[in-house]
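Okay, structure first, notes after.
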Amino acid sequence: MKKNIFIAIIIALVFSACQQPTPTYNKDYSNEKFFIRDLIVPQEYQANEIIKQLNNSNNKLLTFIELSKQYSTPSNGFWIDSNNIAPIFGNVLFEMNEGSATQKPIRNDKGYHIIFLEKKITKQQFRQLQAEYNQKELDRIASYESNYLKEHNKLVKKLPKHLETYVQPYNKKESCKIWMGYPEGNAYFEEDSYKIAWDGKCKNGYASGLGREIESADMKDKWGIAIYKKGKPTYYITKNNLYNVLFEGIQDVKNDDEIGVYTTIKQKSDDIDIRVIAGVYDGKNHISYKNYTSPFWNGTYTYSKEYLNFGYGYTDHTQNDMVPMDFEFRMQNEKGVNNGWAIAKQKKSTSLIIGEFINGKFKPFKLPQSYNDKADSILREIKEASQKGYAAQEEAQKVKKQYLKRVCKKSVKVDWMDNDDYKNICSPKQEIALMKKVNAKLQKISEEKIARLEKQRYAEQQQKEEQHRQEILRLERERLAEINRHNARIEAQEDSRQFQQSLDSLNKQIRDMTPKTYNVNVFHY
């Protein structure tokens with residue numbers, strides 16, 4: 001027993017003697033900041049060669065950067081202080097002068113380090129420098145919008161003039177002029193194949209009241225339901241049959257404004273796609289406020305405020321189980337590339353991702369609260385515009401209902417175009433066929449989502465069960481360890497008891513052998 005204790009003490013002393021003391025700083029550097037560049041090589045001779053080249057250079061910083069490219073991963077440099085660098089580096093580095101490099105390589109488990117000290121300042125100077133840098137960055141980030149807006153205003157001035165004229169519909173014998181608006185240089189109605197019909201009334205030589213314009217040309221197949229007042233129409237429903245785009249809302253030709261909903265349907269083979277855009281177009285300032293969505297986007301909604309050369313975009317993924325983000329707010333240039341300040345949030349995080357995109361590449365940067373407020377303000381603008389768009393859609397559908405009451409009677413027939421084509425608007429056959437395809441795709445998407453969620457639920461359940469099994473295993477191991485400790489204690493007690501019994505027996509023997517005339521003390525050493 002004593003022998004074992006002695007060995008343990010010796011081992012402890014040897015281990016203690018072998019331990020190196022924790023390196024400390026030679027003096028207090030806590031009020032200093034250092035901007036450094038670090039170059040790491042695997043071999044000492046390489047480090048010495050680099051130091052030699054640096055010492056022979058007239059421009060040590062440029063030489064260090066070039067050598068970094070040659071020997072190591074190029075270093076852009078970084079700020080450090082005594083709180084985030086080990087004394088093995090700091091005691092050498094902090095005594096160096098600006099513009100110098102370590103004269104001996106410093107070794108650690110990563111290799112041999114040569115460090116270049118570019119700048120040495122106090123923490124107060126660093127805070128001032130950081131404040132100046134942050135302000136410059138904020139000014140630069142703010143310039144995205146100011147520059148974009150300047151360019152937008154220039155583009156507005158360069159837009160072709162919006163001209164107006166009147167044409168006579170081919171199906172009217174009396175004078176019944178129809179209003180035409182077009183950009184300068186694009187008088188499409190002058191094409192030989194172009195013709196337009198009006199199925200409404202005429203008054204004082206102009207179209208009047210509720211009716212439908214039907215346009216056709218080599219590359220045009222379009223109609224629009226409008227109400228004419230004093231020679232000017234307000235359009236409520238327009239349909240471009242070539243591109244399968246339906247507008248329902250209010251198009252005010254006096255102000256060149258649009259409020260409503262565009263629905264685009266694209267069919268390819270057996271597949272079908274739908275995109276719905278609700279919002280407002282401000283014709284005076286050439287700004288669009290749009291809410292994009294689709295029944296096939298799995299709950300994702302996009303809101304945008306669009307100028308001629310850039311836009312703000314907010315994408316809401318909160319209901320989309322396939323996207324890890326909650327939302328993304330960003331600026332985009334005319335090519336749709338993220339370029340400007342941005343804010344986003346991941347679903348499993350409570351913090352925001354804030355910074356800027358530079359031609360599609362994200363760079364984190366802490367923006368003031370005013371940017372969050374601006375994003376919220378823009379989003380409110382777009383949502384209000386989309387609500388106006390849906391309200392205008394409802395109004396337009398009422399106008400269409402009144403129009404259909406008039407033309408969808410059996411007694412109504414036309415001879416200036418194919419009557420069946422004319423009355424296609426009365427038959428929902430095409431819409432029903434489309435909706436069948438839409439419903440079939442939605443059913444497939446729903447089934448896939450259910451299967452995906454079931455699989456995810458099963459995986460989560462398996463994970464919970466595995467965690468439960470691991471917990472039971474941990475408890476059993478702890479229980480076994482406790483049993484082993486208990487048994488060890490019992491064995492130790494038994495050994496101790498046996499030792500005491502042997503000792504008592506020895507003492508008894510000694511007492512028995514001692515003459516009765518003497519009092520002998522037994523000492524235990």
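Overview of values
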{"item": "Extreme residue, farthest from residue 372 (Cα to Cα), among residues of segment 317-347 that are more than 10 Å from the chain's Cα centre (by Cα) and part of a strand (DSSP E or B)", "result": "333"}
{"item": "Every residue from segment 146-165 that is touching a Gly at 6+ places or on another chain (Cβ under 9 Å) and surrounded by 11 or more Cβ atoms within 10 Å (Cβ to Cβ)", "result": "148, 162, 163, 165"}
{"item": "So residue 351, is it in contact (Cβ under 8 Å) with a residue 40 or more places away in the chain, at negative phi and of a type in the set (Ser, Thr, Tyr)", "result": "no"}
{"item": "Qualifying residue in segment 192-199 (condition: farther than 30 Å from residue 95 by Cα, within 37 Å of the chain's Cα centre (by Cα) and not β-branched (Val, Ile, Thr))", "result": "no"}
{"item": "Positions within segment 148-206 being closer than 24 Å to residue 425 by Cα, among the basic types (Lys, Arg) and part of a loop (DSSP other than H, G, I, E, B), in sequence order", "result": "172"}
{"item": "Residues located in segment 207-222, provided they are touching a residue at least 24 places away in the same chain (Cβ under 8 Å), in a strand (DSSP E or B) and more than 18 Å from residue 236 (Cβ to Cβ)", "result": "217, 220"}
{"item": "Residue within segment 290-310 that is buried (at least 20 other Cβ atoms within 10 Å of the Cβ), closer than 30 Å to residue 212 by Cα and touching a helix residue (DSSP H, G or I) at 6+ places or on another chain (Cβ under 9 Å) present", "result": "yes"}
{"item": "Any hit, segment 113-129, residues being surrounded by fewer than 12 Cβ atoms within 10 Å (Cβ to Cβ), more than 37 Å from the chain's Cα centre (by Cα) and closer than 30 Å to residue 422 by Cβ", "result": "no"}
{"item": "Residue 206 of a type outside the set (Val, Ile, Thr), modelled with pLDDT of 95 or more, closer than 19 Å to residue 392 by Cα and not assigned by TED's automatic domain parsing to the domain that holds residue 418", "result": "no"}
{"item": "Search result, residues across segment 81-103 that are among the aliphatic types (A, V, I, L, M), free of Cβ contacts under 8 Å to residues at least 60 places away in the same chain and over 27 Å from residue 56 (Cβ atoms)", "result": "85"}
{"item": "Count - residues of segment 277-306 that are closer than 30 Å to residue 450 by Cβ and of a type outside the set (A, V, I, L, M)", "result": "13"}
{"item": "Tally of residues being in contact with an Asp or Glu (Cβ under 6 Å, 6 or more places away or on another chain) and under 11 Å from residue 34 (Cβ atoms) across segment 78-116", "result": "1"}
{"item": "Unique residue being at pLDDT 75 or above, β-branched (Val, Ile, Thr) and over 30 Å from residue 404 (Cβ atoms) when the list is 510, 483", "result": "483"}
{"item": "Selected residue (criterion: surrounded by the fewest Cβ atoms within 10 Å (Cβ to Cβ)) from residues of segment 401-447 that are among the charged types (D, E, K, R) and in contact (Cβ under 8 Å) with a residue 12 or more places away in the chain", "result": "406"}
{"item": "Residue, surrounded by the most Cβ atoms within 10 Å (Cβ to Cβ), within segment 212-236, restricted to residues that are touching a helix residue (DSSP H, G or I) at 6+ places or on another chain (Cβ under 9 Å) and of a type in the set (Lys, Arg)", "result": "212"}
{"item": "The listed residue being more than 25 Å from residue 145 (Cβ to Cβ), buried (at least 16 other Cβ atoms within 10 Å of the Cβ) and touching a Lys or Arg at 6+ places or on another chain (Cβ under 8 Å), out of 287, 259, 277", "result": "259"}
{"item": "Verdict on residue 334 being charged (D, E, K, R), in the same structural domain as residue 297 (by TED's automatic domain parsing) and more than 28 Å from residue 296 (Cβ to Cβ)", "result": "no"}
{"item": "Residue match in segment 306-314 (condition: acidic (Asp, Glu) and either in contact (Cβ under 8 Å) with a residue 24 or more places away in the chain or not in a strand (DSSP E or B) (or both))", "result": "no"}
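Okay, residues lined up against (1) β-branched (Val, Ile, Thr); (2) outside any loop (DSSP other than H, G, I, E, B); (3) on the phi > 0 side of the Ramachandran plot; (4) modelled with pLDDT of 90 or more:
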site: 83; (1), (2), (3), (4): no, no, no, no
site: 88; (1), (2), (3), (4): yes, yes, no, no
site: 91; (1), (2), (3), (4): no, yes, no, no
site: 103; (1), (2), (3), (4): no, no, no, yes
site: 121; (1), (2), (3), (4): yes, yes, no, no
site: 125; (1), (2), (3), (4): no, yes, no, no
site: 131; (1), (2), (3), (4): no, yes, no, no
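The values are calculated or read from the model by the stated rules, or taken from the named source; none is laboratory data. Since the structure is predicted, the reported quantities are computational estimates derived from the model, not experimental observations. Cβ atoms come from the backbone with ideal geometry, glycine included; neighbour counts cover every protein chain shown.
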